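S.K.: Sharing a structure, written as structure tokens. Questions coming.
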Amino acid sequence: MTTLRAGIVPVTPFQQNCTILFDEEEKRGVVVDPGGEVERIQEAIGRAGITIEAIWLTHGHIDHAGGAMDLKDALGVQILGPHEADREMLLNLETQARMFGLGDPVRNVTSDRFLNEGDTVSFAGHSFSVLHCPGHAPGHVVFYNAAAKFAHVGDVLFSGSIGRTDLPGGDHATLIRSIKEKLLPLGDDVGFLCGHGPGGRFGEERRTNPFLV
């Protein structure tokens, strides 16, 4: 049995958790949400000796997708995700960058393959189911590995909190429904990593998260 591992590189002033998911034995993996500071991400990949097979995007906000095109060009890999509902958001990242006053250049993103509920993506024998979980962003997806009881939830759920819903395309009721109908039923023992801050387990969030109890 090969082992699934994760490394986190916090990037940009948003301190977004760019995540490197990889197989410990085969040293092959993917980069989830390269929001910026692409050189730092590449350095982390190089230090770990990992061959990156693809870039996965959970959604189209600038702090998650801002470095995707530069990393794609550097590594020669495809961008998978998010759901097509975030297409316009990805095509307007340069506008997002101006809104937030970011100094570093940001490129609009063209996904090589949008993802839908029920799709699967994989690397090195590790298969992840795609869950479409809107509410924070219309096209937000979550990547779930049943064998490892692990999910990368992006900005849908945080330790003790939930994703913000005051940005364009956000909706609080939709987000809560995504969490309660898509994520929590996966099981209390499922561990998760998220887009900002520490991860946790679904059971702890179900019991103690003030937005869910």
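The values are calculated or read from the model by the stated rules, or taken from the named source; none is laboratory data. None of the values given here were measured: they were computed from a predicted structure. Using ideal geometry, Cβ is built from the backbone for each residue, glycine included, and neighbour counts are taken over all protein chains shown.
S.K.: Evaluate the stretch 188-201: report whether one residue or more is within 17 Å of the chain's Cα centre (by Cα), more than 28 Å from Glu26 (Cα to Cα) and among the β-branched types (Val, Ile, Thr).
M.R.: No, there is no match, as no residue in the stretch 188-201 is within 17 Å of the chain's Cα centre (by Cα), more than 28 Å from Glu26 (Cα to Cα) and among the β-branched types (Val, Ile, Thr).
S.K.: Go through the stretch 173-197 residue by residue and tally those that are crowded, with 19+ Cβ neighbours inside 10 Å and part of a strand (DSSP E or B).
M.R.: Total meeting the criteria: 2.
S.K.: Can you name the condition, by its number, that Arg164 falls short on among (1) under 21 Å from Asn116 (Cα atoms); (2) touching a Gly at 6+ places or on another chain (Cβ under 8 Å); (3) part of a loop (DSSP other than H, G, I, E, B)?
M.R.: Here Arg164 meets the rest and fails (1).
S.K.: Taking Ala54 as the residue in question, decide whether it is over 24 Å from Glu117 (Cα atoms), of a type in the set (Gly, Ala, Ser) and either touching a helix residue (DSSP H, G or I) at 6+ places or on another chain (Cβ under 7 Å) or in contact (Cβ under 8 Å) with a residue 40 or more places away in the chain (or both).
M.R.: So Ala54 fails the test.
S.K.: Is there a residue in the stretch 61-70 that is among the charged types (D, E, K, R), in a helix (DSSP H, G or I), at pLDDT 95 or above and surrounded by fewer than 16 Cβ atoms within 10 Å (Cβ to Cβ)?
M.R.: no
S.K.: A further question on this structure: Residue by residue through the stretch 198-211, note down the ones that are in a loop (DSSP other than H, G, I, E, B) and over 23 Å from Gln16 (Cα atoms).
M.R.: Matches in the stretch 198-211: none.
S.K.: If I filter the stretch 148-160 down to residues being part of a loop (DSSP other than H, G, I, E, B) and either touching a Cys at 6+ places or on another chain (Cβ under 8 Å) or free of Cβ contacts under 8 Å to residues at least 60 places away in the same chain (or both), which single residue comes out as surrounded by the fewest Cβ atoms within 10 Å (Cβ to Cβ)?
M.R.: Gly160
S.K.: Determine whether the stretch 1-15 contains at least one residue that is buried (at least 24 other Cβ atoms within 10 Å of the Cβ), on the phi < 0 side of the Ramachandran plot, in contact (Cβ under 8 Å) with a residue 24 or more places away in the chain and not aromatic (Phe, Trp, Tyr).
M.R.: No - not one qualifying residue is present in the stretch 1-15.
S.K.: Restricting to the stretch 120-132, and then to whatever is assigned to a strand (DSSP E or B) and hydrophobic (A, V, I, L, M, F, W, C), can you tell me which residue is farthest from Thr58 (Cα to Cα)?
M.R.: This residue is Phe123.
S.K.: Quick check on the stretch 71-84. Is at least one of its residues modelled with pLDDT of 95 or more, touching a Gly at 6+ places or on another chain (Cβ under 6 Å) and within 19 Å of His140 (Cα to Cα)?
M.R.: Yes, the stretch 71-84 has at least one match.
S.K.: With the condition kept exactly as written, say whether any residue in the stretch 99-119 is over 18 Å from Asn17 (Cα atoms), of a type outside the set (Phe, Trp, Tyr) and part of a helix (DSSP H, G or I).
M.R.: yes
S.K.: Further question on the same structure: Kindly indicate which of Gly163, Gly170, Gly200, Gly135 is surrounded by 14 or more Cβ atoms within 10 Å (Cβ to Cβ), closer than 25 Å to Val38 by Cβ and at pLDDT 95 or above.
M.R.: Only one candidate qualifies: Gly163.
Residues checked against (1) touching a strand residue (DSSP E or B) at 6+ places or on another chain (Cβ under 9 Å); (2) free of Cβ contacts under 8 Å to residues at least 24 places away in the same chain; (3) more than 22 Å from Val130 (Cα to Cα):
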position: Glu39; (1), (2), (3): no, yes, yes
position: Glu43; (1), (2), (3): yes, yes, yes
position: Ala65; (1), (2), (3): yes, no, no
position: Arg87; (1), (2), (3): no, no, no
